[in-house]
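As structure tokens, the structure follows; a few thoughts come after it.
The values are calculated or read from the model by the stated rules, or taken from the named source; none is laboratory data. Every value quoted in this text rests on a predicted model; they were computed, and no experiment measured them. Because the Cβ atoms are built from the backbone with ideal geometry, glycine has one as well, and the counts that use them run over all protein chains shown. Heads up: the accessible areas ignore ligands, DNA and RNA and are worked out on the full protein's heavy atoms, side chains in. Shrake-Rupley method; radii C 1.70, N 1.55, O 1.52, S 1.80 Å.
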Amino acid sequence: MSGICGLFNLDDAPVAEVELRAMTAVLERRGPERAGRWRDGPAGLGHTLLATTPELLYEQQPFMHRETGCVISADVRLDHRAELLESLGMAARGETTGDAELILCAYLAWGERCLDRLLGDFAFALWDPREQRVFCARDHFGMRPIYYHYVAGQRFVFASDARAILVLPQVPYQISEGRIADFLVPELEWIDYTSTFFEGVYRLPPGHKAVVTKQSFQVVEYWKPVPGPELGPLSDEDYKEGFLDVFSQAIG
């Protein structure tokens, strides 16, 4: 899995190169092949690459869409590339288009509703200079992590690893005893999906998105599992055919 990180200074202070370098250095163990950084005024994104698909080798992250100035950093593996490329009119560019660029193009086409069209494992953060906001999201089952630190009117910081947030001197380093107790007692572990071992650093839950502007911070659930209709009595052969159908789709 690759590493992503970034800062959005809500007080308009410019992001310093030394801050992004410190964050990406912590994430090099997640992405040892290549590191990239981008910053412009109060916003900055970082990325460390672990190339797990051929397309990732072509893509430089953070990736910028030149026409809009939107920039994305993503830890992602999309499972329906052909379908998404076709919907976006990008089928001819499929072999050299990375998954991060696909997500960014989906966002430009459908806005936040792009999440309804993404299938796979992903965690990403996108800076939209037109709206002066950061848009983050985590995949449906939370296979890729996002941690964040937010102080109203001051800063929003995110990363794939909490330690990449704590490396910044402006983020307090304080152990959360409540979270440690939650971890040690199995009956409590499934109650809390947001706290971490550090006070002021939180997990974005699976199936959730976050939208950050200078004036507001919102975390919203965009997906949750919905039980299907109850099936009638089934034979062993029915179960076999049903399994093969789902399994074939999963690996197709």
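Taking a straight Cα-Cα cut-off under 18 Å and skipping sequence neighbours fewer than 8 places away in the same chain, the aspartates and glutamates within cross-link reach of residue 240 are 230.
Considering only alpha-carbon pairs that sit under 8 angstrom and 6 or more positions apart, the relative contact order computed for the chain is 17 percent. When the chain is treated as a GNM with alpha-carbon contacts under 10 Å, the residue of 69, 46, 200 showing the greatest mean-square fluctuation is 69.
The shape of region 1-69 comes out oblate: with a ≥ b ≥ c from the C-alpha gyration tensor, a/c is at least 1.5 while a/b does not beat b/c. Using the average count of surrounding beta-carbon atoms within 10 Å as a protection proxy, the listed peptides 167-173, 98-104, 117-123, 230-236 rank, highest first, as 98-104, 117-123, 167-173, 230-236. In percent, rounded to a whole number, the relative contact order of region 120-252 is 24, using alpha-carbon pairs under 8 Å and six or more apart. Taking every DSSP helix (H) stretch of at least 4 residues in the chain, weighting each as -39,500 (n - 2.57) and dividing the sum by the residue count yields a mean residue ellipticity at 222 nm of -7000 deg cm²/dmol. In the context of the full set of protein chains, residues of region 6-89 present 47 Å² of accessible surface per residue (probe radius 1.4 Å, heavy atoms only). Peptides 88-94, 75-81, ordered by how many other C-beta atoms sit within 10 Å of their residues on average, highest first, read 75-81, 88-94. The lysines within cross-link reach of residue 224, meaning a Cα-to-Cα straight distance under 17 Å and a gap of 8 or more places when in the same chain, are 209. The portion of the accessible surface of region 32-167 made up by carbon and sulfur, rounded to a whole percent, is 47 (1.4 Å probe; DNA, RNA and ligands excluded). Here's the picture: charge each Lys and Arg Cβ at +1 and each Asp and Glu Cβ at -1 in region 1-133, and of 13, 90, 114 the one pushed furthest to the positive end of that dipole is 13. The residues of region 109-252 have, on average, 59 Å² of accessible surface per residue, using a 1.4 Å probe with all protein chains present. For region 127-221, the set of GluC sites (Glu not before Pro) satisfying both a DSSP loop assignment and a count of at most 13 other C-beta atoms within 10 Å is given as 131. Computed from backbone phi, the HN-Hα couplings of region 151-168 come to 10, 3, x, 10, 7, 10, 10, 9, 6, 6, 9, 4, 5, 6, 7, 5, 5, 7 Hz, rounded to whole numbers (Karplus: 6.51 cos²θ - 1.76 cosθ + 1.60, θ = phi - 60°; Gly and Pro given as x).
Annotation for region 22-84 versus region 135-153: alpha-carbon center distance of 16 Å.
Per residue Cα convex hull volume for the chain, in cubic angstrom? Numbers along the way, then the final one.
Working: hull volume 39.1 nm³, N = 252.
Value for the chain: 155 Å³ per residue.
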